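What follows is a short report on a single structure.
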There are 4 protein chains.
Amino acid sequence: MHKIAMLGTGLIGRFYTMSLQNFRGKDEIKVVCSNKLENAKKFAGEFGIPRWTEDMATAIQDPEIDTVIIGIPNYLHKKAVLLAAEAGKSVLCTKPLAMSGPEALDMLEAVEKAGVFHGYLEDLVYPPKTLKALHAVRKGALGKVLWARSRETHGGPHSDWFWTKELSGGGAIVDMGCHCIEIARNFIGKGIRPVEITCWADTQVHPIEAEDHAVGLVRYENGAIGQFEVSWTFRGGMDLRDEVSGTDGTVWLNHWMRTGFEMFTGVGQAGYVAEKAEGDTGWLFPVGDEVGSLGYVEMFMDMFNSMDKGTAPMETFYDGYIVNTIIDAAYKAAASKKWEAIEVKDWRGGTVNQENAGLKDYDEQHYLIKEEKMADEKVKVILKDKKTGKISQIIQ
Amino acid sequence: MHKIAMLGTGLIGRFYTMSLQNFRGKDEIKVVCSNKLENAKKFAGEFGIPRWTEDMATAIQDPEIDTVIIGIPNYLHKKAVLLAAEAGKSVLCTKPLAMSGPEALDMLEAVEKAGVFHGYLEDLVYPPKTLKALHAVRKGALGKVLWARSRETHGGPHSDWFWTKELSGGGAIVDMGCHCIEIARNFIGKGIRPVEITCWADTQVHPIEAEDHAVGLVRYENGAIGQFEVSWTFRGGMDLRDEVSGTDGTVWLNHWMRTGFEMFTGVGQAGYVAEKAEGDTGWLFPVGDEVGSLGYVEMFMDMFNSMDKGTAPMETFYDGYIVNTIIDAAYKAAASKKWEAIEVKDWRGGTVNQENAGLKDYDEQHYLIKEEKMADEKVKVILKDKKTGKISQIIQ
Amino acid sequence: MHKIAMLGTGLIGRFYTMSLQNFRGKDEIKVVCSNKLENAKKFAGEFGIPRWTEDMATAIQDPEIDTVIIGIPNYLHKKAVLLAAEAGKSVLCTKPLAMSGPEALDMLEAVEKAGVFHGYLEDLVYPPKTLKALHAVRKGALGKVLWARSRETHGGPHSDWFWTKELSGGGAIVDMGCHCIEIARNFIGKGIRPVEITCWADTQVHPIEAEDHAVGLVRYENGAIGQFEVSWTFRGGMDLRDEVSGTDGTVWLNHWMRTGFEMFTGVGQAGYVAEKAEGDTGWLFPVGDEVGSLGYVEMFMDMFNSMDKGTAPMETFYDGYIVNTIIDAAYKAAASKKWEAIEVKDWRGGTVNQENAGLKDYDEQHYLIKEEKMADEKVKVILKDKKTGKISQIIQ
Amino acid sequence: MHKIAMLGTGLIGRFYTMSLQNFRGKDEIKVVCSNKLENAKKFAGEFGIPRWTEDMATAIQDPEIDTVIIGIPNYLHKKAVLLAAEAGKSVLCTKPLAMSGPEALDMLEAVEKAGVFHGYLEDLVYPPKTLKALHAVRKGALGKVLWARSRETHGGPHSDWFWTKELSGGGAIVDMGCHCIEIARNFIGKGIRPVEITCWADTQVHPIEAEDHAVGLVRYENGAIGQFEVSWTFRGGMDLRDEVSGTDGTVWLNHWMRTGFEMFTGVGQAGYVAEKAEGDTGWLFPVGDEVGSLGYVEMFMDMFNSMDKGTAPMETFYDGYIVNTIIDAAYKAAASKKWEAIEVKDWRGGTVNQENAGLKDYDEQHYLIKEEKMADEKVKVILKDKKTGKISQIIQ
């Protein structure tokens, strides 16, 4: 049973609070902080939180609380983390962890030095679908993962500060690329080193400095590719999908607009449809359980259960640091128009030296390249001669 | 904060317990009962429940507990309810409530007379998708509901007793028709009286006495139709879908096999896929959050929150009684090959006398029947003359 | 190479003509007939047809033509068929064949007596998806078919005459039930006799005499059920789906709104979306190949190829006669509120005497009822003792 | 009415022939050529083609034929085109046009010099879905196209020669990237110049020289991105999808595995499922109309109708030349690890100088960045001050 200080009363603070309070749970938010006192007070009233403040330090140092949840703009994360570390409180920080890789490393070192519990609130690796898919992948259902694409696109963030680069640290890559990078990393394997990246980023639509659309390809040491697609220019709602290909299988996850809830209304009384939905007549695709589908429920359970067991949660500040480091390289590559190395100073994973191409024997003389049933129901086999390298086919 | 006696350690007891324990919640199961002591003991060990027994009365009368949850075979529900009512405990009973309408009415009268809280554990009106759809329907997004089909089909129940008619009270209609009937009733409106039913039921595949496949049409007083489709003969997994049509809109809900999680595996290491899934290689359709998707999470929250607030939950024994009454009429209609009246002795809803056909004015002289954009992008309008009744068309 | 008289210039005549002219084909429409000469002339101009007339007999007796295609209102089908039979021309008639079973039988007898080629233009058994599914079903992919549901619902027909019962013969059942009945009959097997029917039909929305919404269950002699769902009250476009369940498999066909074409537009320049689509902004679900998806292309190929080969096409007037006979029984059942016998005077199929329940041996002592992998990855088996009939379970 | 020489009797020759012969059409294949006479003879027998040969020149110079269709391995295209140009025959060449951009330019110049009709058989811009989507895009339904992704992945090609780089010119990029590049180019606009490309390509699985998996991003002069994803390592069948985003809308096309045909079979009698399907039990996703879904039907209609009208078809050798030029740059970029310029020597499109970011006025003082309905049903608006550039938000 934990007593929590909630920093932030925007969309993310609201989602976190709804997740924490929804399930007749034991953990309680005891103080809420916003830089506008009025907002903090109103939020406290709405959610039955006993204390509110506009001073971050007051909230963090509140003697009753043991856990700080950071849901404030990116440029303030470091300050909040340092205060929490100093106060010896457990600290859970929203995504992205920091404005840059080096800043993230400072924050990681601070919490590790202080010995406090640290969790990285990367909710989008926690949707129940994702957890089940990761479980299957780890059991080998897909063989070796070759490619993992994660896509998050919508019409742009809710809050004004996120559209201002100095406050957010960047555009769609910082906002959503952090999710996609970490999703791919989970599927490919956290112990596999991300090596280099190519990236396209542009400001296609909005009158802003940061990119509103980007695609990047992260190459991992074992040859796997993590691909992110992020956009603030997308029309039609929020597109939130992951696709993973392996040598033995495929996973397709759709988290938002095509999840088995379809509604047509000619009269438009459907009210709020889903986060970032567009329109309220015609065909709509509401999401039943938004906080669950976004992973908040399982994420906080993992965080508090891990805290209670004294183990690390699935996502720690170390993961946030890796993600920030990859984002830094993404911006560098977008500017240099080259593949750029991903410089992970503090690499804690392994080293692989794995050749890509697997060789499957067909018979003593041949490797098997492929077999397939044709339209005439015969089976065609493509073979490679082990000695000559010549490729041939037989029909069975 | 509640102390619970869990009666039953089969699939349903397991799902209930997982739902109750999953969310760092305040409510606790303090005693578990199975007719096989060994099962109770094992279950208690697995879920950290302090006491276990094979005697239902012992569990119900346990002085620490305030709430009894009934997850045992149908023919035992009445006995458990009467004991709980007598003991003054809150009682939550799984579906179907009883073996018949009259038995359900006895149970309803018992809990009302004792003044205890009673909840009907009809989980399938509680999935977040369903709750959101019901909210939209009540706000008018679909206009008047005309038809609601609910379908639940799979390869048959898990437990031996359910295949034995004397213990279960029937076949697929009792097992799953109860869900479908109550889902349709929620969409059409609980205050609208169910009037009559036609039903086909047959034992198409299995060597059993009860029906393994059935379809029924329930006509409500306002002309709406609630349609159920249930089967223990379905191949391919579990099909769990609801479709609702109204004068102004449509809702399609898919709860299980097409919800945004698709996996292909050639090697079959995917493990447990989902309740009633078939096969473990090829294309699989796992379900991320099974207990959430089946409504257990929201159902227990409603039950305990209502208990705390002193209000009735969304589903009470009265609803269970209506459902059992409709099931009785379904079996009668299947046997008589006629539409049969649904005899609700204790009707607590309203009376409607609503004509079906709405008349929309097109102009002073005509009613509008329909308008549509054609392939040549012109608009065709179908009209009815108010005086002569003659139907005509114009192209705009 | 055939020379065709096209009777009718409404939606169906247009679709037929587009199908016939679209593929650089050899068969040519040489004369078109509409009861309004002006429409015939305009249609001829649009499609490059050399002659037009308002007199049906003139078109049918045109010496150049060998084939008459009937695409006119239902109450005129018989007259056209009798003229064509008399003139010795091949005759292809749109659906439904007739206004009633006895009228259909008259028409069947007329073409058979005259010895002319007769094809029933039931396009919805000809979509490529349906043909492929029927092929798989006939090869045994689904085992014995137990249930086939066909659903066609939209906002109502395009033409004024179809809303007038005297001209059309009925409402949604006559309009679309004919499709659904014949689709189910193809999946269940044309040699299996349809025995009896229960039906709900109501006028829920429109100011018309005929039903605008209906559901019926046709029981076949082998225990299989053909279910039709038809509505002129549906909102959201056209819903065109077939679902078939067998002892060994399942088929789901979606012909219209969810076929892999999804478009969101905020500006509404998408033009014509698809037949009976609603709205032109927001999420739209266009159909790529409408005439192909509705089966027109394969249907006419079957008709003309069969004509050339001297064989019967897949759908003949006999099929139209069976469908009209089932529709007659549907209306009778809707009125009598009982299951009504389907009286096929001229039955040309077989007789089955097939017991439903199959018995699978588990071991010498037991039948197998079911086996399933559980959440704990164990396998549960449900058995029936061959002697005692007692049902039990074992966990493997 | 055309007389055709078909060069090639492999999968592509078969698909072409089926498309041409399927619709009672006027155009006829009069001679077929394979480098193995036996194959040519067998093919001729199967499809009723009067003459066969193993000599390409004989087939092309056959005096009866006016049109040559090239469906042979890539390294032979140029030879066949030059022969056809010399013989003054219309020539339709399968994809990719050539082994490289310069070779394609030679071929283009040859047919233009000879003044013969030339069509590039890029079938995947011709599926009816794609044609309808292109029509909507051109009418403005999506506003300005910002990004177009085309994906084609499966388990690898059918024929041995395609696995051998010297005969095919490359791997998955040459095989399928050509499709994806041209699909994106059609959506973005053929008049917009492709400027530069970044590309990842690797041999992840097979013992071959060429790449079996690749992703590329083509930047167009107006800032739009065409993205291709191609793989011979995909498991689960063939994945064929296009996604297009514009300022005002979105299009999602799925051509193969999720198009409204789903089948489960436990017994595996479903026979041939679809091109490159995996497995024949469990859940299968057959394709109804394969040749139609792959665009062959509409493609040949466009080719022959254009020939008859004396106009250029939708896809000419010029398009094939552009595609080969982009592929060349893709390989260069994959090797250099940099964005590489796309050098189109013979550019026939326009020049654009279009700024990305559009400015929408909110009021005199502000630009509108975004507006959205929030969970509390209020509307939040993000604005940018026209003078100061400061970003702010208001709640309505």
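Things to note:
- Among residues of the range B:129-145, those that are in contact (Cβ under 8 Å) with a residue 60 or more places away in the chain and facing chain A (nearest Cβ under 9 Å), counted: 9
- Taking the criterion of being aliphatic (A, V, I, L, M) and more than 21 Å from the chain's Cα centre (by Cα), the residues of the range C:224-278 that qualify are C:MET263, C:VAL267, C:ALA270, C:VAL273.
- Extreme residue, farthest from B:TRP200 (Cα to Cα), among residues of the range C:303-342 that are in a helix (DSSP H, G or I) and of a type in the set (Gly, Ala, Ser): C:SER306
- Residue in the range D:146-164 that is nearest to D:MET314 (Cα to Cα), counting only those that are of a type in the set (A, V, I, L, M, F, W, C) and part of a strand (DSSP E or B): D:ALA148
- Strands (runs of 3 or more DSSP E) within the range C:1-58 that include 1 or more residues away from chain D (no Cβ under 14 Å) and within 14 Å of C:GLY71 (Cβ to Cβ): C:3-7, C:28-33
- When B:GLY119, B:GLY143 are checked against the criterion of being outside any helix (DSSP H, G or I) and either at positive phi or surrounded by fewer than 20 Cβ atoms within 10 Å (Cβ to Cβ) (or both), a single residue qualifies: B:GLY143.
- Close contacts from the range D:34-50, counting a first residue that is on the phi > 0 side of the Ramachandran plot and a second that is assigned to a loop (DSSP other than H, G, I, E, B) and small (Gly, Ala, Ser), with Cβ to Cβ under 7 Å and a gap of 6+ residues or different chains, come to none at all.
- In this entry, B:THR198 passes the filter for residues that are within 7 Å of another protein chain (Cβ to nearest Cβ), over 22 Å from C:THR247 (Cβ atoms), touching a helix residue (DSSP H, G or I) at 6+ places or on another chain (Cβ under 7 Å) and of a type outside the set (D, E, K, R).
- Considering each residue of the range A:259-267 in turn, none proves to be aromatic (Phe, Trp, Tyr) and surrounded by fewer than 24 Cβ atoms within 10 Å (Cβ to Cβ).
- When restricted to residues that are part of a helix (DSSP H, G or I) and closer than 16 Å to B:GLY292 by Cβ, the range B:122-140 contains 9.
- Qualifying residue in the range B:165-185 (condition: at pLDDT below 95, part of a loop (DSSP other than H, G, I, E, B) and either closer than 29 Å to B:LEU142 by Cβ or within 14 Å of chain D (Cβ to nearest Cβ) (or both)): no
- The set of residues in the range A:381-396 being in a strand (DSSP E or B), more than 7 Å from chain D (Cβ to nearest Cβ) and more than 14 Å from D:HIS158 (Cβ to Cβ) consists of A:ASP385 alone.
- Checking each residue in the range A:51-70 for being in contact (Cβ under 8 Å) with a residue 40 or more places away in the chain and surrounded by fewer than 15 Cβ atoms within 10 Å (Cβ to Cβ) picks out only A:GLU64.
- Given (1) surrounded by fewer than 18 Cβ atoms within 10 Å (Cβ to Cβ); (2) among the polar types (S, T, N, Q); (3) more than 12 Å from chain A (Cβ to nearest Cβ), index of the condition D:THR316 fails: (1)
- Condition check for D:ALA110: surrounded by 22 or more Cβ atoms within 10 Å (Cβ to Cβ), touching a Leu at 6+ places or on another chain (Cβ under 7 Å) and of a type in the set (Gly, Ala, Ser): no
- Residue check for C:ILE4: farther than 21 Å from C:ASP175 by Cβ and out of contact with any Lys or Arg (no Cβ under 6 Å at 6 or more places or on another chain): yes
- Residues that are surrounded by 22 or more Cβ atoms within 10 Å (Cβ to Cβ), under 18 Å from the mean Cα position of the chain (by Cα) and either under 30 Å from C:GLN61 (Cβ atoms) or free of Cβ contacts under 8 Å to residues at least 40 places away in the same chain (or both) are absent from the range C:81-90 altogether.
- Per-region count, the range C:318-372, residues modelled with pLDDT of 95 or more and hydroxyl-bearing (Ser, Thr, Tyr): 5
- Where strands (runs of 3 or more DSSP E) fall entirely within the range A:202-302, those with at least 1 residues that are more than 14 Å from chain C (Cβ to nearest Cβ), of a type outside the set (Val, Ile, Thr) and more than 30 Å from C:GLY237 (Cβ to Cβ) are at A:213-220, A:225-231, A:239-246, A:249-254.
- Residue check for D:ALA148: within 11 Å of chain C (Cβ to nearest Cβ) and either touching a residue at least 40 places away in the same chain (Cβ under 8 Å) or over 17 Å from D:MET301 (Cα atoms) (or both): no
The values are calculated or read from the model by the stated rules, or taken from the named source; none is laboratory data. Since we're looking at a predicted model, the values are computed, not measured. Positions of Cβ are generated from backbone atoms using ideal geometry, with glycine treated the same way; all protein chains shown enter the neighbour counts.
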